[in-house]
1. Which residues, counting only those in the range 44-82, are open to solvent by 20 Å² or more (accessible area, probe 1.4 Å) and within 23 Å of the chain's Cα centre (by Cα)?
2. If you check Val166 against the conditions, is it modelled with pLDDT under 95, within 16 Å of ligand 2 (Cβ to nearest atom) and not in a strand (DSSP E or B)?
3. Pick out the one residue from Asn99, Asn202, Asn142 that is surrounded by 20 or more Cβ atoms within 10 Å (Cβ to Cβ) and out of contact with any Cys (no Cβ under 8 Å at 6 or more places or on another chain).
4. Is the range 106-119 home to any residue that is under 24 Å from the mean Cα position of the chain (by Cα), within 14 Å of Tyr134 (Cα to Cα), among the hydrophobic types (A, V, I, L, M, F, W, C) and open to solvent by 30 Å² or more (accessible area, probe 1.4 Å)?
5. Checking the structure you have, find out if any residue of the range 19-33 is out of contact with any Asp or Glu (no Cβ under 9 Å at 6 or more places or on another chain) and within 8 Å of ligand 1 (Cβ to nearest atom).
6. Please verify whether Asn99 is within 15 Å of ligand 2 (Cβ to nearest atom) and at pLDDT below 95, treating the condition exactly as stated.
7. Hey, can you tell me all the residues within the range 217-269 that are touching a residue at least 60 places away in the same chain (Cβ under 8 Å) and closer than 19 Å to Leu279 by Cβ?
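The values are calculated or read from the model by the stated rules, or taken from the named source; none is laboratory data. Note that the coordinates shown come from a computational prediction; the quantities given were computed from them, not determined experimentally. All Cβ positions, even for glycine, are placed from backbone atoms using ideal geometry, and neighbour counts span all protein chains on display. Areas reflect the complete protein model, heavy atoms only, side chains present, ligands, DNA and RNA absent. Shrake-Rupley method; radii C 1.70, N 1.55, O 1.52, S 1.80 Å.
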Amino acid sequence: MSITVKGITKQYGTQKALNDISFSVDTAEVVGFLGPNGAGKSTMMKILTTYINPTEGKANVNGFDVSEDKKNVQKSVGYLPEHNPLYTDLYVKEYLRFNAGVYKVENKRIEEVIKMTGLTPEAHKKIGQLSKGYRQRVGLANALLHNPDVLILDEPTTGLDPNQLVDIRNLIRTIGKEKTVFLSTHIMQEVEAMCDRVIIINKGKIVADKKLTDLRDGQEQVVIVEFDYRVEDAFLLKLPKATKVKNTHDFVYEVTFSTTEDMRSHVFDFAHDNELKILQLNQKNASLESLFRELTN
Ligand code: ADP
Ligand code: MG
């Protein structure tokens, strides 16, 4: 196990930010820690990275106790904090060199992480000149410097524009092939896009812990499609294997299909044949969404 948490409680004054939390994360798993704002995600991550101590309970990272063996825990984890404090006046390489010094990491590792995180074209710039997406890459490069086995990423995709989002998601997916990744988010779609498993937290308690494949197991699939024009529900029901159509707002429709086969290309062909323009087309994990709503409302 890369991460083991047993009965962790964190009390801030009289408030229990975490209330008897237990879970574990296996090696090379990408686990999403999903919950609304204020659920306790960052608090858990600060405990796992030794920034704060739990009030009660035990946690291990890479086999090291977070309260008793902080040095070894820090060597084992790369941490991207929620509000990643970057020095905007420093050049990318300068910043990484500074941290490499702290970790006593060889200089050639700096070039490796720059390459790994796709920073090469921006590596000569000052951090302050970078877009939010590239700043996140700097944060990720920094977290990877000492080649840790476990990455703890606190809301790594929040505040990114759609293109940056796709890039950072892919990057995290790639990193997750070799390393254990524990990432937090309050956005369900992020879990869908990056994770093997989801742990849902609400008001300091874990309310679900599920593999994404189990959530996808159902026989149904929902596709969200937006056209440039109004379409009759009955017309959309002509789509192969369509069982239900819901017009959610404007020209946006949720079409349920009785199959797990990806039906987006059929929707696309259908639109083309009927001279409709598609403005957006997405699949959604209906079970994850309803689970999240039900558990956090
Ligand atoms: P999340 O990351 O899921 O949004 P946090 O772990 O940041 O949640 O916060 C959980 C709860 O603990 C919130 O109600 C927050 O206001 C409270 N909290 C977080 N840090 C502190 C602190 N240092 N002192 C007092 N309360 C805190
Ligand atoms: Mg947070």
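1. Lys46, Tyr51, Ile52, Asn60, Asn62, Gln74, Lys75, Tyr79, Pro81, Glu82
2. Answer is no for this residue.
3. Just a single option satisfies the conditions, and that option is Asn142.
4. yes
5. The answer is no; no qualifying residue exists.
6. No: the conditions fail for Asn99.
7. Val222, Val223, Ile224
Per-residue answers, yes or no, for (1) among the basic types (Lys, Arg); (2) away from ligand 1 (no atom under 16 Å from the Cβ):
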| residue | (1), (2) |
| --- | --- |
| Leu130 | no, yes |
| Gly133 | no, yes |
| Ala143 | no, yes |
| His146 | no, yes |
| Asp154 | no, no |
| Thr158 | no, no |
| Asp167 | no, yes |
| Lys177 | yes, yes |
| Ile201 | no, no |
